[in-house]
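Student: Got a structure here, written out as structure tokens. Questions coming.
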Amino acid sequence: MYQLQEMFLIICLTFLIFGQTIHSQSWNTTDEILPWESYLQIGDIRRPLGLTLNRSSLAHRHFATGYLCLHSFMYDEAKEAFDLAINLTSTFIEAHIGKMLSCKQALWSYTNLACGQAVYNATQNLTKTSFQQELFSTVYQWYADNQNITAGEDAFLISIRNLSLKYSNETDIRVLLGLSLLNVANQVRYQSQIEPPEMIEARNILKDALKNESNHPGILHYLIHAYDVALVNISEQAREYADQYGKIAITSSHAQHMPSHIWIRIGSWNRALSADEQSIIVSLRLCAKKILALNLSIYSIQLEQIWNLLNTTQQKLLIQCDRENRGHSMEWLSYSRLQTGNWLGSLDLLRDLYFANNQSNQTMNYYLPFAYRIQTRMIIEVFYWFPYNSEFQNKIQQLLAINGTQNMISIGENAKRWYSIWAEAGFRFSECLRLLITINNNNITFKIDEHIARLNNLSNSASSLSPYVSTSISIMILQIRGIRYYINQSWQECLNELNDAVKRESTLVSSTDSPSLIFIRASELLAIHLLFIHKKYEQGLINGNYILKSKVISIVDFPLQALDLFKKTNETAPNRAINIVGMARAYVELGNINEAVQLYKLLLTQMSLSNNTDLILFQEANNFIAQNLIQFNSATNYFSLNFLLLSVFFIINQ
């Protein structure tokens, strides 16, 4: 069932009287550019690649469009615009350099060597100024070494740094230096550092460049990346950049999405939700403009509604258009919806992704990794809400109704990047969770063991691509074993496996090239099992002491141990619904009803603000509060509760 908030949103055709230019200054070429180029509003760069723009030149207009698209990671549009410029003026050096830059998706760990080398070979004999030649040779460093991309990135950094010193008045060159520093900070060798030196240097360079060009989309974009780390106090410093970037690059889906990186880091969920919803809408509007040459005032993120407006040819183009940015934003929106308890909203997004994948008719299954990762998180989240509960199975049936009985595809096979490996590993983990809880027969043992064997292979495959992902997959194996031990009532073995997962998780450093959106946190999984086991103690089913963290701990102390785990996780990943409900449950088992009521009220406030319509998820909090109507004994307690609720309201809406 689609979100109520989207039921009343419609798609209407609006023919705009005039196009909007992409620059703060006017161009004299409006009637000669493509409709999608005139539609764009994505910032301004005074001297792109050191070039003084001729605003009466159509080739310069195409180049400027491409270069602005490049800095907002609109790679397809960038290449198209650069080609338009080159077709008009084959000796346009900056357009060739821009095209060569677009052959590398610097912060996405993707380098198209053949593309970069082809541009270089087609351009190297053209006449260039000394500055153009130096810049041309610098960019080629990314593609010069067929065997070692990292070496090329290091060479590019050295060269662009020298250029920025030699031509210190060229702000745009310093922006490329900032991008290069962030790109190098993404390398595998820095995966043990949360803030590599290159990242810190990039912040300083980009902040200085921003003083000269406040509307440069690349500066704001890369500053968000520079502060996008798993440290709340650091990410907080990027609020201004997140606010400003979305306002100057209003027709770029990626620009609208990027602020959510900061909002998610600091637990500002309503702002994260708004950013990614707008990103998807902007993506669909741009694609409609490219496909139909019309401005569509789109106010819904539902793909199927727009799909029905198009003919077969147009539908195929829509599936291809801006697919990376749109799929990325859909995944992040799903994550934010889950953190506010909006499971049904996430289900809508999953439905659209499977729909897009089924309609694409491509063997590469482009949308499938996004769908797998979303489905993984949905299964894990509903497990936290309804652990070992019949309601878990009811929710899972809604997922199966979308995906049906389709066989899982091993999308991590022969992967050159970790993204598809991560997606397949997550999906296999969630399948194990589903099988263990919903199917009670001997046949699942073989299936679970098959998944574990495949997870082990995926962990090995990821070791050279991302040690973080490799270790995370090995943690999944421990967690599956722990859950299986719990189901078999082997309490100590369960705790051993889950505690080993926590130990291994503690060695992970979330670097710039690690997954930002986590599937499951080992500390929280251990915490909920401590509460489960303690509940059995309360029911008189078990007793005694257990080994935890190499110490003998009484089962009576399990709720306190669980609460500590939840609190520590909340410090680095704040204001998530399952963490709030986890702390509330711990307080219930500790007998601290007042604190539990406060947290359940906080949970209801957060869920209500996100337009959540899933009444089943409201039941636990509503029932507990109704059963424990408390008259606070002092004005201090009353003030404390209201202050807490107001604080959360402020935080998630900042």
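The values are calculated or read from the model by the stated rules, or taken from the named source; none is laboratory data. Worth saying up front: this structure is predicted, and the values here are computed from it rather than measured. Please note: Cβ atoms are built from the backbone with ideal geometry, for glycine as well, and neighbour counts cover all protein chains shown.
Student: Is there any pair with a first residue in the stretch 428-454 that is closer than 20 Å to Phe519 by Cα and in a helix (DSSP H, G or I) and a second that is modelled with pLDDT under 95 and of a type in the set (Asp, Glu) whose Cβ atoms are under 7 Å apart and which are 6 or more apart or on different chains, and what are they?
Tutor: Listed by first residue and then by second, the contacts come to His451/Glu431.
Student: When both residues are 6+ apart or on different chains and their Cβ atoms are under 8 Å apart, which pairs have a first residue that lies in the stretch 317-338 and is under 11 Å from Leu349 (Cα atoms), and a second that is in a helix (DSSP H, G or I) and of a type in the set (Asp, Glu)?
Tutor: Once the first residue is under 11 Å from Leu349 (Cα atoms) and sits in the stretch 317-338, its partners that are in a helix (DSSP H, G or I) and of a type in the set (Asp, Glu) give Ser329/Asp276; Met330/Asp276; Met330/Asp352; Trp332/Asp276; Leu333/Asp276; Leu333/Glu277.
Student: I want to confirm something. Restricting to the stretch 466-517 and keeping residues that are in contact with a Phe, Trp or Tyr (Cβ under 6 Å, 6 or more places away or on another chain), within 25 Å of Val184 (Cα to Cα) and assigned by TED's automatic domain parsing to the domain that holds Lys447, which single residue is modelled with the highest pLDDT?
Tutor: Result: Val469.
The rows are residues; the columns are (1) β-branched (Val, Ile, Thr); (2) out of contact with any His (no Cβ under 8 Å at 6 or more places or on another chain); (3) not assigned by TED's automatic domain parsing to the domain that holds Arg47.
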| position | (1), (2), (3) |
| --- | --- |
| Asn146 | no, yes, no |
| Thr150 | yes, yes, no |
| Glu153 | no, yes, no |
| Leu157 | no, yes, no |
| Leu163 | no, yes, no |
| Lys166 | no, yes, no |
| Val175 | yes, no, no |
| Gln191 | no, yes, no |
| Glu195 | no, yes, no |
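Student: Name the residue, out of Asp76, Asp31, that is of a type outside the set (Lys, Arg), outside the structural domain of Leu292 (by TED's automatic domain parsing) and modelled with pLDDT under 90.
Tutor: Unique residue meeting the criteria: Asp31.
Student: Another question, then. Where residues in the stretch 597-610 are under 18 Å from Ser336 (Cα atoms) and touching an Asp or Glu at 6+ places or on another chain (Cβ under 9 Å), which of them is surrounded by the fewest Cβ atoms within 10 Å (Cβ to Cβ)?
Tutor: Result: Met607.
Student: If you check Ile160, Ile173, which single one turns out to be free of Cβ contacts under 8 Å to residues at least 24 places away in the same chain, touching a helix residue (DSSP H, G or I) at 6+ places or on another chain (Cβ under 6 Å), in a helix (DSSP H, G or I) and surrounded by 14 or more Cβ atoms within 10 Å (Cβ to Cβ)?
Tutor: Residue meeting the stated conditions: Ile160.
Student: Is there a residue in the stretch 611-632 that is surrounded by fewer than 18 Cβ atoms within 10 Å (Cβ to Cβ), under 17 Å from Pro574 (Cβ atoms) and at pLDDT below 85?
Tutor: no
Student: Consider Ala288 carefully, then state whether it is outside the structural domain of Leu309 (by TED's automatic domain parsing), among the hydrophobic types (A, V, I, L, M, F, W, C) and part of a helix (DSSP H, G or I).
Tutor: no
Student: I need a count of the residues in the stretch 485-500 that are surrounded by fewer than 20 Cβ atoms within 10 Å (Cβ to Cβ) and part of a helix (DSSP H, G or I). Can you show your working first?
Tutor: So in the stretch 485-500, the residues surrounded by fewer than 20 Cβ atoms within 10 Å (Cβ to Cβ) come out as 485, 487-493, 496, 500.
Those still in the list that are part of a helix (DSSP H, G or I) too: 485, 487, 491-493, 496, 500.
Summing the residues that are surrounded by fewer than 20 Cβ atoms within 10 Å (Cβ to Cβ) and part of a helix (DSSP H, G or I) in the stretch 485-500 gives 7.
Student: Can you find a residue in the stretch 593-614 that is under 23 Å from Leu433 (Cα atoms) and outside any loop (DSSP other than H, G, I, E, B)?
Tutor: No - not one qualifying residue is present in the stretch 593-614.
Student: While we're looking at this one, here's another question. What residue, of Ser38, Ser137, Ser56, is closer than 21 Å to Leu179 by Cα and either among the polar types (S, T, N, Q) or free of Cβ contacts under 8 Å to residues at least 40 places away in the same chain (or both)?
Tutor: Among Ser38, Ser137, Ser56, only Ser137 is closer than 21 Å to Leu179 by Cα and either among the polar types (S, T, N, Q) or free of Cβ contacts under 8 Å to residues at least 40 places away in the same chain (or both).
Student: Of (1) crowded, with 19+ Cβ neighbours inside 10 Å; (2) at pLDDT 95 or above; (3) of a type outside the set (Gly, Ala, Ser), Ile452 satisfies all except one. Which?
Tutor: Condition (1) is where Ile452 drops out.
Student: Can I ask one more? With surrounded by fewer than 24 Cβ atoms within 10 Å (Cβ to Cβ) and either within 22 Å of Cys321 (Cβ to Cβ) or at pLDDT below 95 (or both) as the only criterion, which of Tyr120, Tyr110 stands out?
Tutor: Tyr110
Student: Take the residues in the stretch 243-262 that are touching a residue at least 40 places away in the same chain (Cβ under 8 Å) and not polar (S, T, N, Q), then tell me which one is nearest to Ile518 (Cα to Cα).
Tutor: His261
Student: Tell me which of these Gly544 doesn't satisfy, since it passes every other one: (1) at pLDDT 95 or above; (2) of a type outside the set (D, E, K, R); (3) more than 22 Å from the chain's Cα centre (by Cα).
Tutor: With respect to (1) at pLDDT 95 or above; (2) of a type outside the set (D, E, K, R); (3) more than 22 Å from the chain's Cα centre (by Cα), Gly544 is out only on (1).
Student: Taking into account only those residues within the stretch 49-85 that are under 21 Å from Glu170 (Cα atoms) and more than 31 Å from the chain's Cα centre (by Cα), which is surrounded by the most Cβ atoms within 10 Å (Cβ to Cβ)?
Tutor: Within the stretch 49-85, the match that is surrounded by the most Cβ atoms within 10 Å (Cβ to Cβ) is Arg61.
Student: Quick one: which residue in Leu590, Leu563, Leu531 is under 23 Å from Tyr388 (Cβ atoms) and touching a Lys or Arg at 6+ places or on another chain (Cβ under 6 Å)?
Tutor: Leu531
Student: Given the structure, is Ser274 farther than 16 Å from Ser610 by Cβ, assigned to a helix (DSSP H, G or I), in contact with a Phe, Trp or Tyr (Cβ under 9 Å, 6 or more places away or on another chain) and modelled with pLDDT of 95 or more?
Tutor: no
Student: Just give me the residues in the stretch 492-536 being closer than 10 Å to Leu565 by Cβ and of a type in the set (Lys, Arg), in sequence order.
Tutor: Within the stretch 492-536, Arg521 is the sole residue that qualifies.
Student: Moving on to the next point. Could you figure out which of (1) of a type in the set (Lys, Arg); (2) closer than 28 Å to Ile291 by Cα; (3) buried (at least 21 other Cβ atoms within 10 Å of the Cβ) isn't true of Lys316?
Tutor: Here Lys316 clears every test but (3).
Student: Select, from Asn233, Asn215, the only residue that is outside any helix (DSSP H, G or I) and surrounded by fewer than 23 Cβ atoms within 10 Å (Cβ to Cβ). Steps first, please.
Tutor: Numbers: Asn233 fails: outside any helix (DSSP H, G or I).
Result: Asn215 is the single residue among Asn233, Asn215 that is outside any helix (DSSP H, G or I) and surrounded by fewer than 23 Cβ atoms within 10 Å (Cβ to Cβ).
Student: Hey, another quick one. Could you list all residues from the stretch 189-211 that are closer than 20 Å to Asn233 by Cα and among the charged types (D, E, K, R)?
Tutor: Of everything in the stretch 189-211, those that are closer than 20 Å to Asn233 by Cα and among the charged types (D, E, K, R) turn out to be Glu195, Glu198, Glu201, Arg203, Lys207.
Student: Test Ala425 against the stated conditions and say whether it is touching a residue at least 40 places away in the same chain (Cβ under 8 Å), assigned by TED's automatic domain parsing to the domain that holds Trp385, more than 25 Å from Asn545 (Cα to Cα) and assigned to a helix (DSSP H, G or I).
Tutor: For Ala425, the condition - touching a residue at least 40 places away in the same chain (Cβ under 8 Å), assigned by TED's automatic domain parsing to the domain that holds Trp385, more than 25 Å from Asn545 (Cα to Cα) and assigned to a helix (DSSP H, G or I) - is met.
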